[in-house]
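Undergrad: Have a look at the structure that comes next, please.
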Amino acid sequence: MGTDRARLRGSCLCGHVTYRVEDAFEYAMICHCADCRRATGSAFKPFAGIAADRIAVQDDTRLLRYGGDAAHDAHCQRCGSLLYSLVREGSYVHVTLGTLIDDPSIRPTAHIFVASKASWDMICDDLPRFDRFPFDQ
């Protein structure tokens with residue numbers, strides 16, 4: 001990790017897994033896809049994206065990875081908290097904003113996968129809405 005940016009602290013619910021990530025997120029969104037709903041148990045997953053080499057997990061042997069080498073969700077082995085998702089062919093992580101202890105400088109700028117959101121999920125803001133991930137070709 002670089003040293004010119006602030007480092008934010010993050011943790012799972014039980015504190016078994018901690019991490020630090022640079023406050024240099026490139027984007028932040030709120031995902032409403034069925035996979036994120038199931039992974040979080042919520043209507044959506046607020047996340048911020050950053051290059052994968054910008055996050056440092058204290059002890060990654062404490063992680064449970066669901067998925068493969070190029071894309072997976074990283075959970076705490078003890079409490080099951082979803083900490084981040086490795087995405088974009090292993091080049092980025094989507095850090096779940098709810099696991100950050102420190103306040104990031106970025107805020108979500110869009111809702112994604114709104115066409116597949118739960119029928120009971122009401123979006124109550126004016127952020128732009130997309131039916132897919134905007135950076136996909």
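The values are calculated or read from the model by the stated rules, or taken from the named source; none is laboratory data. If you're wondering where the values come from, they're calculated on a predicted model, not measured in any experiment. For neighbour counting, all protein chains shown are included, and Cβ atoms are generated from backbone atoms with ideal geometry for every residue, glycine included.
Undergrad: Somewhere in region 82-103, is a residue over 12 Å from the mean Cα position of the chain (by Cα), at pLDDT below 95 and buried (at least 16 other Cβ atoms within 10 Å of the Cβ)?
TA: yes
Undergrad: For region 84-95, state whether one or more residues are of a type in the set (S, T, N, Q) and touching a helix residue (DSSP H, G or I) at 6+ places or on another chain (Cβ under 9 Å).
TA: Checked region 84-95: at least one residue is of a type in the set (S, T, N, Q) and touching a helix residue (DSSP H, G or I) at 6+ places or on another chain (Cβ under 9 Å).
Undergrad: Right, another one. Among the candidates Arg78, Arg107, Arg132, which residue alone is among the charged types (D, E, K, R), in contact with a Cys (Cβ under 6 Å, 6 or more places away or on another chain) and outside any strand (DSSP E or B)?
TA: Arg78
Undergrad: So for region 113-122 (the condition being among the polar types (S, T, N, Q) and either surrounded by 13 or more Cβ atoms within 10 Å (Cβ to Cβ) or under 30 Å from Asp59 (Cβ atoms) (or both)), does at least one residue qualify?
TA: There is at least one residue in region 113-122 that is among the polar types (S, T, N, Q) and either surrounded by 13 or more Cβ atoms within 10 Å (Cβ to Cβ) or under 30 Å from Asp59 (Cβ atoms) (or both).
Undergrad: For Met29, all conditions in the list (1) assigned to a strand (DSSP E or B); (2) in contact (Cβ under 8 Å) with a residue 40 or more places away in the chain; (3) of a type in the set (A, V, I, L, M); (4) touching a Leu at 6+ places or on another chain (Cβ under 6 Å) hold save one; what is the number of the exception?
TA: (4)
Undergrad: I've got another one for you. How about region 27-76: which of its residues are of a type in the set (Asp, Glu) and either within 23 Å of Pro108 (Cβ to Cβ) or at pLDDT 95 or above (or both)?
TA: Asp35, Asp53, Asp73
Undergrad: Which of the following residues is without any contact (Cβ under 8 Å) to a residue 60 or more places away in the chain, within 14 Å of Ala39 (Cβ to Cβ) and in a strand (DSSP E or B): Leu83, Leu64?
TA: None of the others qualify; the one that does is Leu64.
Undergrad: Please state which of the following conditions Glu26 fails to meet, knowing it meets all the rest: (1) within 12 Å of the chain's Cα centre (by Cα); (2) exposed (fewer than 15 other Cβ atoms within 10 Å of the Cβ); (3) not β-branched (Val, Ile, Thr).
TA: (1)
Undergrad: Turning to a different aspect of this structure: Would you check which residues across region 32-61 are surrounded by fewer than 15 Cβ atoms within 10 Å (Cβ to Cβ), in a loop (DSSP other than H, G, I, E, B), touching a Ser or Thr at 6+ places or on another chain (Cβ under 9 Å) and not acidic (Asp, Glu) and list them?
TA: The answer is Gln58, and nothing else.
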